[in-house]
1. Of all the helices (runs of 4 or more DSSP H) wholly in the stretch 3-77, which have at least 3 residues that are charged (D, E, K, R) and over 11 Å from the mean Cα position of the chain (by Cα)?
2. Could you list, ordered by first residue, the pairs with Cβ atoms under 8 Å in which the first is in the stretch 58-70 and under 17 Å from GLU46 (Cα atoms) and surrounded by fewer than 13 Cβ atoms within 10 Å (Cβ to Cβ) and the second is at pLDDT below 95 and not β-branched (Val, Ile, Thr), at least 6 apart or interchain?
3. What's the number of the condition ASN41 fails, among (1) more than 18 Å from PHE122 (Cβ to Cβ); (2) polar (S, T, N, Q); (3) buried (at least 20 other Cβ atoms within 10 Å of the Cβ)?
4. Could you check how many residues of the stretch 78-120 are surrounded by 11 or more Cβ atoms within 10 Å (Cβ to Cβ) and of a type in the set (Lys, Arg)?
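The values are calculated or read from the model by the stated rules, or taken from the named source; none is laboratory data. Keep in mind the model is a prediction, meaning the values are calculated, not measured. Here the Cβ positions follow ideal geometry from the backbone for every residue, glycine too, while neighbour counts run over all protein chains shown.
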Amino acid sequence: MIFVDTSAIYAILDQDDKEHNKAKATWVSVLDSGETLLTSNYVLVECCALAQHRLGLDAVRAIEDDLRPVLKVKWIDEPLHRIAMTASLAARRRKLSLVDCSSFALMRQLEVRKAFAFDQHFIEEGFLFPAKRGA
């Protein structure tokens, strides 16, 4: 199973993103791998808000019509939200978001070790990127 983060989804959508080419190649690779691609409702909300603001509604439609159908979406419930909020506040790091902390909590709960993300917080938390399968 591979967790898909906002940073990866956005990089796929935005041709001007510095990680766009790598994101598209990785997306094809992870789809071809046959592994389950997991994300959360929090990530989708964050993606849609970011894409709508920066790229417009066509990008939101691409998320909904093209990307979401191949993603297994796990909903963050109240207990997981509380874990994430506690972690976010305890970290006392302005750039570590509640969405990131919810992703880490979900990944730990489901024992997911790999993330498709361009956010360095995933590496800091010990998660591997799919491109580094040999690691």
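1. Numbers: elements: 6-13, 20-33, 41-54, 57-62.
Fully inside the stretch 3-77 and qualifying: 20-33.
2. none
3. All conditions pass for ASN41, except number (3).
4. The qualifying residues number 5.
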